[in-house]
Each structure stands twice: as C-alpha cells, then as structure tokens.
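Below you'll find the structure, written out as structure tokens, and then a few comments.
Bear in mind these aren't lab numbers, they're just calculated from the coordinates by the rules spelled out. Small disclaimer: the values here were computed from a predicted structure and weren't measured. Reconstructed Cβ throughout: ideal geometry from the backbone, glycine too, with neighbour counts over all protein chains shown.
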C-alpha cells in the first residue's frame, strides 16, 4: 500500500512536466505539418518567395521531384534548411524531432 502512495505522489509531481513537454512537441509538429502543406515561404532577409515544390537533391545524391519536406527514400534524411535564390540566405526548416 505504501508503494502505491509513493507511485501516486511521483505521478502527480511528474504530470505537469510531462504535459508541458507534450504541448511543446505538438506545437513543433503543428509547425512542421503547416509548412509541409505550404508551396512556398518568404525569405526573412529580402522577402522573396522561396518555392518548396520542385526538383531537389538529397545529401546522398538522390534526386526527386515534389515537396522539399519529404523523407528521402534512400537514406531517410530530411532537409534542415532551404536557401533563398535572390539573396543567398538560408532559412531553417522545422523538423519533427527538433
């Protein structure tokens, strides 16, 4: 009976922390999925449109056509940034595991 009370106290103390971690994870996933369905983003430096749909080359040299936020079928990696073609500044992309 005493072990049950200790477990209950630990659960009550950990619940708010676990809930906050869950909320942060859901906000990050929402940002990722919102960008995954967006065809373009704006450059924070010059305001030019950066297209996320096109022909892309992965770090393993696999070339594919489609949205940038797509997992590579060869190596399983996801892109971390995209470069503005007008000013050359890189924009960080949201990831599922950030």
- Message: I need the full set of residues from the stretch 46-73 which are surrounded by 12 or more Cβ atoms within 10 Å (Cβ to Cβ) and more than 23 Å from residue 31 (Cα to Cα), in order please.
- Response: 62, 64
- Task: Taking residue 88 as meeting all but one of (1) within 18 Å of residue 40 (Cα to Cα); (2) in contact with a strand residue (DSSP E or B) (Cβ under 8 Å, 6 or more places away or on another chain); (3) without any contact (Cβ under 8 Å) to a residue 24 or more places away in the chain, write down the number of the exception.
- Result: (2)
- Residue hits (the stretch 1-17; surrounded by 10 or more Cβ atoms within 10 Å (Cβ to Cβ) and under 30 Å from residue 93 (Cα atoms)) are none
- Looking only at the stretch 78-89, count how many residues are within 20 Å of the chain's Cα centre (by Cα) and either assigned to a loop (DSSP other than H, G, I, E, B) or surrounded by fewer than 14 Cβ atoms within 10 Å (Cβ to Cβ) (or both). 7
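Condition check ((1) in a helix (DSSP H, G or I); (2) closer than 19 Å to residue 78 by Cα; (3) touching a helix residue (DSSP H, G or I) at 6+ places or on another chain (Cβ under 8 Å); (4) free of Cβ contacts under 8 Å to residues at least 60 places away in the same chain) across all residues:
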{"site": "9", "(1), (2), (3), (4)": "yes, no, no, yes"}
{"site": "13", "(1), (2), (3), (4)": "yes, no, no, yes"}
{"site": "16", "(1), (2), (3), (4)": "yes, no, no, yes"}
{"site": "23", "(1), (2), (3), (4)": "yes, no, no, yes"}
{"site": "29", "(1), (2), (3), (4)": "yes, yes, no, no"}
{"site": "32", "(1), (2), (3), (4)": "yes, yes, no, no"}
{"site": "35", "(1), (2), (3), (4)": "yes, yes, no, yes"}
{"site": "38", "(1), (2), (3), (4)": "no, yes, no, yes"}
{"site": "44", "(1), (2), (3), (4)": "no, no, no, yes"}
- Query: Which one of these does residue 75 not meet: (1) in contact (Cβ under 8 Å) with a residue 12 or more places away in the chain; (2) outside any loop (DSSP other than H, G, I, E, B)?
  - Reply: (2)
